[in-house]
Amino acid sequence: MKPGKFITLEGVDGAGKSTHLDYLTDKIRSQGVELVVTREPGGTPLGEKLRTLLLNDPMQPDTELMLMYAARAEHVAGLIKPALVRGAWVLSDRFADASYAYQCGGRGIDAARLESLEIWTLSGFKPDLTLLFDVSPEVAEARRSQARAADRFEQEQVDFFKRVREAYLHRAEREPGRIKVIDASHSIENIRAELDRIMESL
Ligand code: TYD
């Protein structure tokens, strides 16, 4: 059987990922494809417990990076790869590019540390397509939901999100074939039209 496609969504908090995740979910399912929708950190019972710790408990940056990868190792082995092997598609709200952006860009951890974790836990496994919703940290801040309490990341200042954004864009420059940058300051209709075009190519 043809293995499924692995698609990830990325962007700073407040870029509008969640809105577009729902659109893409409906679009892919309407093609009659089995689609597994998941998220990081999380996606497995253990990963969701790690998510609660990561989003709420103060910790060292290195601890944060390693727990992200611990959750990711569970996620890839327990959910993502089995789904792809049986021919399902997988849509994940964040994946490894988020560690590069948040832990290396935002927290300032040396990229070599992340690379060794990446080689160890992923051994070259990558998404087929990554949609990077790019927006200025100021616009993202204004959009972030005021309805619920901010988690540990959302409480960071604008400078943190500037570094996160730069790191995301740097990664996209290095892998233009996989990472498609979408200007998330555009209207929802424009973004949907762009998503339709990108999805055609898959
Ligand atoms: P997010 O995906 O924004 O979920 P929600 O919309 O429910 O807030 O929250 C996850 C947070 O985790 C986000 O602030 C980014 C952070 N994160 C990292 O710092 N590194 C990672 O590797 C991943 C996957 C997420």
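The values are calculated or read from the model by the stated rules, or taken from the named source; none is laboratory data. Just so we're clear, the structure is a prediction, and the values are computed from it rather than from any experiment. Please note: Cβ atoms are built from the backbone with ideal geometry, for glycine as well, and neighbour counts cover all protein chains shown. Calculation scope for accessible area: heavy atoms of the full protein, side chains included, ligands and nucleic acids excluded. Shrake-Rupley method; radii C 1.70, N 1.55, O 1.52, S 1.80 Å.
Defining a contact as two alpha carbons under 8 Å apart and six or more residues distant in sequence, what relative contact order in percent does the chain show? Working shown, then result.
Working: 296 pairs, mean separation 65.0, N = 202.
Contact order relative to length: 32 percent.
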- Query: With all protein chains present, how much of the accessible area of region 19-89 (probe radius 1.4 Å) comes from carbon and sulfur, to the nearest whole percent?
  - Reply: 57 percent
- Out of MET199, ALA149, GLN60, whose Cα points farthest toward the positive end of the dipole of region 6-200 (charges: +1 Lys, Arg; -1 Asp, Glu; placed on Cβ)? MET199
- Item | Nearest-20 debye value, region 116-202 charge dipole, Cβ charges on Lys, Arg, Asp, Glu | 160 debye
- Within region 37-72, report the trypsin sites (Lys or Arg not before Pro) that DSSP leaves as loop and that have at most 14 other Cβ atoms within 10 Å. none
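Local charge sum around ALA71 (other residues, Cβ-Cβ under 12 Å, Lys/Arg +1, Asp/Glu -1)?
+1
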- Potential extension, ASP62-LEU46 segment - 0.36 nm per residue separation minus Cα distance: 3.8 nm
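Suppose R0 equals 35 Å; then what is the FRET efficiency for LEU53 and ARG174 from their Cβ-Cβ distance, rounded to the nearest 0.05?
0.70
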- With label points set 7 Å from each Cα along the Cα-to-Cβ direction at SER136 and GLU115, the distance between them in nm comes to 3.4 nm
- Task: With a 1.4 Å probe and every protein chain kept in, tell me what percent of the accessible surface of region 111-202 is carbon plus sulfur.
- Result: 50 percent
- If you take the alpha carbon radius of gyration of the chain and divide it by 2.2 N^0.38 Å, what ratio comes out, to two decimals? 0.98
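Which value, in Å², gives the accessible area per residue of region 5-131 when a 1.4 Å probe is used on the protein heavy atoms?
Ligands and nucleic acids excluded, the result is 42 Å² per residue.
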- Note on the structure: Rounded to two decimals, the Rg over Rh value of region 94-202 from Cα coordinates and the Kirkwood Rh reads 0.98
- Query: Full extension from ASP22 to ASP159: what is 0.36 nm times the residue separation minus their Cα-Cα distance, to one decimal in nm?
  - Reply: 46.4 nm
- Task: Among LEU132, ALA112, LEU122, flag the residue with its Cα farthest along the positive direction of the charge dipole of region 6-200, charges on Cβ as +1 for Lys/Arg and -1 for Asp/Glu.
- Result: LEU122
- Unit charges on C-beta of K, R, D, E only; dipole of region 1-136, Debye: 500 debye
- Query: For region 1-125, how many pairs of lysine residues have a Cα-Cα distance under 19 Å, where the two are 8 or more positions apart or belong to different chains?
  - Reply: 5
